[in-house]
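Shown next, in structure tokens, is the structure this report addresses.
Only the coordinates and a few stated rules stand behind these numbers; no lab work does. Here the structure is a predicted model, which is why all the values come from computation and not from measurement. Methodologically, a virtual Cβ is constructed for each residue, glycine included, from the backbone with ideal geometry; neighbour enumeration extends over all protein chains shown.
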Amino acid sequence: MTSKKLNYNEAYKELEAILAKLENQELDVDQLSVYVKKASELVKFCKGKLHETEKEIEKILNEMDNDTI
Amino acid sequence: MPVNTLSLLELNSKIKEAIKSGTEKAYWVTGEISEIKINYSGHCYLELIQKNEESDQIVARSRATIWAQTFRLIKPYFETTTGQPLVQGLVILVKASVEFHEVFGLSLNILDIEPAFTIGELALRKQKVIDRLTEEGVITMNRELELPLLSRKIAVISSETAAGYGDFVDQLVNNSFGYKFYCKLFPAVMQGDEAEQSIIKALDRIYSYEDFFDIVVIIRGGGSQADLSCFNSYWLAYHITQFPLPVLTGIGHEQDDSVVDLVAHTRLKTPTAVAVFLIDHLTRVEDALNTVAIRITDEIRSLVEAMKNDLLLLIKNLQLNLKDTQTQKLTGLLYFIHSMSNRIHKILDTIQQDLNRSDVILDRMARRQVEIQTASVETLFYRIQREVLNSKKQVRKDLDSVIDRLRILDPLNVLKRGYSITCKGGIPLKEIEYLSEGNTIETLLHKGKIHSTIKKLMP
């Protein structure tokens, strides 16, 4: 029904994985900038999910009105 | 033609008389309410039945009446004690006299009621449902589901008119943290005998949107005494245990938890409590997110710090190496290293400042600013990597040439070119002052040594 590219749980788990890599010093300095970018993207994604209105969801909810109920 | 005929009235009068003399003044009787009606004048008319426990077949049936005068006393007493109105399906214990009326026939006249019996009966029934769900191994299934971190798309089962639903939605929508919730009402009858099927139907409708919703909430505004036996029904409870989404309840019981509360993922007392729980949940989720973000920032910051230290160490080593050579010509190289290290330091400082500023990642109000910051941190990281790499290469190259030059000065290299060194007792000889004829001296060649005795000295 909805094409979920990335969900909150996955994004959060990825952030935890980045943190674990940093803490265990598994990250190369060369990769650092890549991970800074990735981490900030994931945080932004999660914040958006928590706080921003998603038109897509509202559309689906409105369609339900005409549909089954 | 028979002689002794009776009119119907005469017969009924006889029956009335027989019943009156054949029964005691009153009996305590148990029976299940199969019908109950209250008429305009406040009289309560019931039908009581008894069922065979195994086959569920009706084995006895009788009409009963509670006259308005008695009913006015019995009703509130029963309801406050059991937390439950007198409704169909309840098994009650009543004190009743047997009445026979010539026109209306046989009826029980209820004089008193014992609510404690019904409480016990309901508890027993509830326990049976719980036992069955436990035996079937399904009782904890909904509780075992994981509440999604992001629980914000909510399918609400409630009655459309109940104030409980409106309050619930208001509270979620106007939460002070700015979380975005999406509520969808799936209307259902929330009390009485229709409720069980009505709620199950609502669950079925939600099931077709299983992928869309995060959770299901069953709420009911409190208020007057209502028949909530539906929330102890086996089938409704069973449906909830099998539901693929976590089910949260806020049914507003005065009394104990219902079976539905028991099997629900999370049970709360009221719709308001459910809203508070959901807002709290997102707060916890966001706190966890912030913590991870802060820790990642800190880790990166300390990594940059480590890079800085590495750089310092590298430069120090280079300087030490170069100082050892004590060559004036290397001043230029030292200067180069200093300026290089200053540049790299500056870049690292900028990264650190950016990281400090990027704590605004955590401040949702300044999200856009963070985007820019992060982008600049990213390009800076690329630059520092390039710079460090290049400067390392450059410094190493310069150092190599210094070492090359020093190598030329190494005596061994001189020997290679055909020169030799003469020593006495390991000390290189520059003059003959302390030598005398007959002394033994050594000559070091590029390859090998010569031991020789001095035959003649020439100043």
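Give the average, rounded to an integer, of partner chain Cβ atoms located within 10 angstrom of each Cβ in B:285-298.
Details: counts 6, 4, 0, 4, 10, 3, 1, 9, 8, 1, 6, 14, 5, 3.
Rounded to a whole number, the mean comes out at 5.
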>> Taking loop as defined by DSSP and a crowding limit of 16 other beta carbons within 10 Å, which trypsin sites (Lys or Arg not before Pro) in region B:211-310 fit?
In response: B:Lys269
>> Using a 10 Å cut-off around each Cβ of peptide A:48-59, what is the average number of partner chain Cβ atoms that fall inside?
In response: 4
>> Please list 3J(HN,Hα) in residue order for region B:261-273, calculated via the Karplus relation 6.51 cos²θ - 1.76 cosθ + 1.60 where θ = phi - 60°; whole Hz, with x for glycine and proline.
In response: 4, 5, 8, 5, 4, 9, 10, 10, 6, 10, x, 4, 5
> Considering only Cα-Cα distances, which of the following residue pairs are longer than 29 Å: A:Lys59/B:Lys201; A:Lys21/B:Lys180; A:Lys47/B:Lys201; A:Lys21/A:Lys55; B:Lys25/B:Lys128; A:Lys21/A:Lys47?
Replying inline: A:Lys21/B:Lys180; A:Lys47/B:Lys201; A:Lys21/A:Lys55; B:Lys25/B:Lys128
>> Taking θ = phi - 60°, what integer Hz values does the Karplus form 6.51 cos²θ - 1.76 cosθ + 1.60 yield along region B:41-49, in sequence order, with x for Gly and Pro?
In response: 8, x, 7, 10, 10, 10, 10, 9, 9
> Averaged over peptide B:206-212, how many Cβ atoms belonging to another chain are found within 10 Å of each residue's Cβ?
Replying inline: 3
>> Please list, by residue number, every one of the GluC sites (Glu not before Pro) in region B:175-280 that is coil in DSSP and has at most 15 other beta-carbon atoms within 10 Å.
In response: B:Glu194, B:Glu210, B:Glu254
>> What does the extension gain come out to for B:Val276 and B:Val138, with contour length at 0.36 nm per residue minus their alpha carbon separation?
In response: 46.9 nm
